[in-house]
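The values are calculated or read from the model by the stated rules, or taken from the named source; none is laboratory data. A quick note: this is a predicted structure, and the numbers were derived from the prediction, not measured. We place every Cβ from the backbone using ideal geometry, glycine too, and count neighbours over all the protein chains shown.
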Amino acid sequence: MGPAMYDQLRDRIAQLLTRPRTLKPQTERQLSRYLTEHSAEMVPFLADAAARLEEHELDILFAPQFTPHLDDQAAVSDLLFHWQPTPEKLDQLVPDLCAQVGHVVVQLPGDVEAKLTLHEVMVERFVRLLHLHHAPAPGVSASMRESLPNELWSVATALLRQRGFTPTRQAWFARFVCHMASRHPIDQAQLEAAAQFIAGQPTLDGAALAVAAEAMVRAAVGSAAYAQSGRTYWSPDVAQHHHYHGQGQVDQGLVKTRQEEAEQLKMIEEDLKTFRDNDK
């Protein structure tokens, strides 16, 4: 099963790498200096950047393009269910991907597309941050399959590979997710919020989690109330300088977002209150 699974993993990651990538504004600003230094235009420079720049420059410039998102991480979850690549296979992945994927398409402003030649440092970053070596044990992943639809199961197992999730914490969170799903429908935002909260806690003690959750909800409610109060200048001098433009203006989109976040966190708090972990 090993070689076939490795080939599937390599091909899946190659597909992820070849998705068109939007050039981030900060990358554009940083690139402008290099374009001036090299007297080059953006499109030909990107095609040549891997040869023109040092590895550390490439890593800094293109880190946003080669930092996998959660959906990238979820896209390989099924392949890591009953199999994980050995350290040797992980070392092999980067050169194999570089040989398979020569360049990626970068989307520039104005619907312009450019080819960015891949460098090993870009691929290494992408592969490393998929956390392939940190997949939960098969039993932990399997425990959530009956409680979650497949797309959410992939996200949940990807969240378990994030920093802060030891094997003990992975197993605890899987049980908690099943508890959440038994009480109410779950969406991805709730999963992410719950995982972020648990990953940041120093202990899984129920009493300590309850106190931390209460503080988290209180802060979220306060943030929603502050957004509802409208824009406020921190300094009277600054407000006067801007002729109090926008003072008291309420960003309804921000208010809605903050209120939704607070409601999600309240639900997580209630789930924690009713959670009885029998596998401590």
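Only a single item in (1) closer than 30 Å to SER141 by Cα; (2) not in a helix (DSSP H, G or I) is not met by VAL94, and it is number (2).
Just one of the listed residues (GLU88, GLU57) is out of contact with any His (no Cβ under 6 Å at 6 or more places or on another chain) and over 28 Å from GLN8 (Cα atoms), namely GLU57.
Yes/no per residue for (1) part of a helix (DSSP H, G or I); (2) surrounded by fewer than 16 Cβ atoms within 10 Å (Cβ to Cβ); (3) small (Gly, Ala, Ser):
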| residue | (1), (2), (3) |
| --- | --- |
| ALA4 | yes, yes, yes |
| ASP11 | yes, yes, no |
| LEU16 | yes, no, no |
| ASP48 | yes, yes, no |
| PRO68 | no, no, no |
| ASP78 | yes, yes, no |
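Summed over the range 48-87, residues that are within 12 Å of the chain's Cα centre (by Cα) and aliphatic (A, V, I, L, M) total 2. Within the bounds of the range 105-112, is there any residue that is closer than 17 Å to VAL123 by Cα and either in a helix (DSSP H, G or I) or free of Cβ contacts under 8 Å to residues at least 60 places away in the same chain (or both)? No, the conditions are met nowhere in the range 105-112. Among the residues of the range 43-80, the ones that are aliphatic (A, V, I, L, M), closer than 19 Å to ALA114 by Cβ and in contact with a Ser or Thr (Cβ under 9 Å, 6 or more places away or on another chain) come to 7 in all.
Give the number of residues within the range 18-27 that are surrounded by 14 or more Cβ atoms within 10 Å (Cβ to Cβ) and in a helix (DSSP H, G or I). Spell out how you get there, then give the answer.
Of the range 18-27, the ones surrounded by 14 or more Cβ atoms within 10 Å (Cβ to Cβ) are 18, 21, 23-24, 27.
Next cut, in a helix (DSSP H, G or I) only: 27.
The total comes to 1.
Got at least one residue in the range 103-111 being out of contact with any Cys (no Cβ under 7 Å at 6 or more places or on another chain), hydrophobic (A, V, I, L, M, F, W, C) and closer than 30 Å to ALA194 by Cβ? No, the range 103-111 contains no residue that is out of contact with any Cys (no Cβ under 7 Å at 6 or more places or on another chain), hydrophobic (A, V, I, L, M, F, W, C) and closer than 30 Å to ALA194 by Cβ. Would you confirm, using the coordinates I've provided, whether LYS89 is surrounded by fewer than 17 Cβ atoms within 10 Å (Cβ to Cβ) and among the charged types (D, E, K, R)? Judged against the criteria, LYS89 is not a match. Only one of ASP187, ASP111, ASP96 is of a type in the set (D, E, K, R), over 22 Å from LEU23 (Cα atoms) and in the same structural domain as ALA14 (by TED's automatic domain parsing). Can you tell me which? Among ASP187, ASP111, ASP96, only ASP96 is of a type in the set (D, E, K, R), over 22 Å from LEU23 (Cα atoms) and in the same structural domain as ALA14 (by TED's automatic domain parsing). Out of the residues in the range 184-219 that are farther than 23 Å from VAL155 by Cα and of a type in the set (Val, Ile, Thr), state the one that is farthest from the chain's Cα centre (by Cα). The selected residue is VAL211.
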